[in-house]
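Taking it in order: structure first as structure tokens, then the write-up.
The values are calculated or read from the model by the stated rules, or taken from the named source; none is laboratory data. None of these values were measured; they are calculated from a predicted model. For neighbour counting, all protein chains shown are included, and Cβ atoms are generated from backbone atoms with ideal geometry for every residue, glycine included. Accessible surface is based on the protein model in full, side chains and every heavy atom, while ligands, DNA and RNA are left aside. Shrake-Rupley method; radii C 1.70, N 1.55, O 1.52, S 1.80 Å.
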Amino acid sequence: MIAFRVRGEPASQGSKRAFVPRGQNRAVVVDDNPKSLKSWRAAVHAAASAAYDGQPLDGPLGLRLTFYFVRPKSHSRRESSCPWRWQRPDWEKLARAVGDACKGVVWADDAQVAEAHVSKRYAEGEHLPGVEVEVWPLARRQD
């Protein structure tokens with residue numbers, strides 16, 4: 001198993017946005033990424049490289065991502081007792097950012113992830129804002 005942590009505010013991989021500029025016949029596609037994405041992906045890539053120094057894994061992989069966020073000060077007492085973050089960013093976009101950052105280091109392509117568990121929680125106790133990543137090879141059937 002490969003396991004590592006990345007500290008910092010998790011950034012999500014943005015969506016693609018298409019529009020047709022006035023006076024043109026074709027659409028322009030742009031990334032709708034937050035400014036923090038580039039530095040977040042660089043931090044994930046660096047942590048993955050430090051945790052794993054081999055050839056990218058091949059075959060099917062399992063993945064567990066646990067994202068930790070700072071709890072807003074505006075949370076009510078009832079909200080403060082819930083450990084789960086259910087607001088944006090979306091879990092899929094968070095996972096895509098980590099997946100793209102690990103490409104070429106931990107795996108050849110994030111399409112190799114055949115089983116995944118992703119959770120979003122509030123940073124409390126020993127957990128600081130960031131992400132905990134675990135990757136393991138899944139057994140291949142020998143027919």
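For the chain, which whole percent of the accessible surface, found with a 1.4 angstrom probe, sits on carbon and sulfur atoms?
It is 50 percent, rounded to a whole number.
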- [ ] Using packing as a proxy for protection, rank 12-20, 78-86, 95-103 so that the peptide with the highest average count of other Cβ atoms within 10 Å comes first.
- [x] 95-103, 12-20, 78-86
TODO: With runs of 4+ DSSP H residues as the only contributors, calculate the mean residue ellipticity of the chain at 222 nm using -39,500 (n - 2.57) per run, divided by the residue total and rounded to the nearest 500.
DONE: -6500 deg cm²/dmol
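Defining a contact as two alpha carbons under 8 Å apart and six or more residues distant in sequence, what relative contact order in percent does segment 6-119 show?
Working: 135 pairs, mean separation 42.7, N = 114.
Relative contact order comes out at 37 percent.
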Task: Which labelled figure in (1) -0.95; (2) -1.03; (3) -0.88 is log10 I(q)/I(0) by the Debye sum over Cα atoms at q = 0.16 Å⁻¹, once derived from the coordinates - done: (3)
TODO: Work out the FRET efficiency for A111 and R78 from their Cβ-Cβ distance, taking R0 = 35 Å, and round it to the nearest 0.05.
DONE: 0.30
Task: Angstrom value of the Kirkwood radius, inverse mean 1/r, which spans all Cα pairs in segment 1-56 - done: 14.0
- [ ] Give me the lysines in straight-line cross-link reach of K16: C-alpha distance below 30 Å, same-chain residues under 8 apart excluded.
- [x] K35, K38, K93, K103, K120
